[in-house]
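Below is one structure, written out as structure tokens; the observations come after it.
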Amino acid sequence: VSRGGPSITIDLGRGRRATTEQAVQVCQDAVRQQAFDRFRVQNVAFRQTALDNNPGRQDWITGIMDIRRGYDRDETYRFSCSVNFDNGQVRSAQIDPLERDRTPGYEKARPSATRVAMESCQRSVEDNIQSKGYQHIDIVSIKVDDRPGRADSIMGNARADMRRRSDSFDFSCSVNLRDGDVRSIDVRRR
């Protein structure tokens with residue numbers, strides 16, 4: 001990934017398109033840079049990242065992130081990026097205040113229970129990956145599993161560094177949605 005001026009791109013090699021994972025990475029890099037430029041913070045946690053599945057918006061990546069401004073001061077925002085999958089370049093990146101009652105991924109009846117469960121899963125995943133010797137752990141995507149009968153399951157992807165390499169992981173957590181207790185966790189390196 002290279003940062004040259006306002007644009008952030010991926011070196012794809014000749015004739016290759018960006019993968020979804022590469023597009024998410026370059027989007028998150030652009031959003032991190034914008035968060036630093038606007039808020040002067042480097043501690044950004046991505047809680048939910050996905051391709052926009054609305055018609056005509058397959059090149060958009062959207063999600064929810066927290067900006068951490070010190071001890072127990074998280075601010076939650078929506079973000080979106082338009083990524084050119086042909087050349088790996090971010091066309092635009094935007095950060096907006098979160099309107100919880102209108103944002104997909106948040107249930108009106110239980111926003112705090114869902115958030116607590118996702119945060120518990122994220123901490124457990126980060127601890128699990130760190131215990132294997134990895135550093136710079138980044139949760140690429142995290143969401144409540146929406147398949148029937150899986151409402152207590154949270155799943156996602158992560159990336160972490162060890163020495164001079166970066167590895168990707170798939171994870172899932174079984175979480176008690178009432179109190180956020182993690183019942184079990186499964187982290188698998190890709």
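Taking the residues in region 24-51 that are touching a residue at least 24 places away in the same chain (Cβ under 8 Å) and among the aromatic types (Phe, Trp, Tyr) as candidates, determine which candidate is least open to solvent (accessible area, probe 1.4 Å).
Initial filter on region 24-51 (touching a residue at least 24 places away in the same chain (Cβ under 8 Å)): 24-31, 33-35, 38-39, 41, 43-51.
If we keep only those that are among the aromatic types (Phe, Trp, Tyr) too, we end up with 39, 46.
Numbers: Phe39: 34, Phe46: 3 Å².
Going through the qualifying residues, I end up with Phe46.
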Residue, farthest from Ala50 (Cα to Cα), within region 93-118, restricted to residues that are modelled with pLDDT of 80 or more and open to solvent by 50 Å² or more (accessible area, probe 1.4 Å): Pro97
Looking at region 155-176, I want the residues that are touching a residue at least 24 places away in the same chain (Cβ under 8 Å) and have a partner that is open to solvent by 20 Å² or more (accessible area, probe 1.4 Å) and β-branched (Val, Ile, Thr) with Cβ atoms under 6 Å, at least 6 apart or on another chain. Which pairs are those? Ala160/Ile137; Phe169/Val187; Phe171/Val187; Cys173/Val182; Cys173/Ile185; Val175/Val182
Within region 158-172, is there a residue that is under 28 Å from Arg183 (Cβ atoms), at pLDDT below 85 and in contact with a strand residue (DSSP E or B) (Cβ under 8 Å, 6 or more places away or on another chain)? no
Looking at region 81-92, which of the residues that are part of a loop (DSSP other than H, G, I, E, B) and open to solvent by 40 Å² or more (accessible area, probe 1.4 Å) is nearest to Val26 (Cα to Cα)? Asn87
Could you tell me whether any residue of region 132-145 is open to solvent by 90 Å² or more (accessible area, probe 1.4 Å) and at pLDDT 90 or above? yes
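The values are calculated or read from the model by the stated rules, or taken from the named source; none is laboratory data. Source: prediction; values computed, not measured. Positions of Cβ are backbone-derived with ideal geometry, glycine not excepted, and every protein chain shown enters the neighbour counts. Accessible surface is based on the protein model in full, side chains and every heavy atom, while ligands, DNA and RNA are left aside. Shrake-Rupley method; radii C 1.70, N 1.55, O 1.52, S 1.80 Å.
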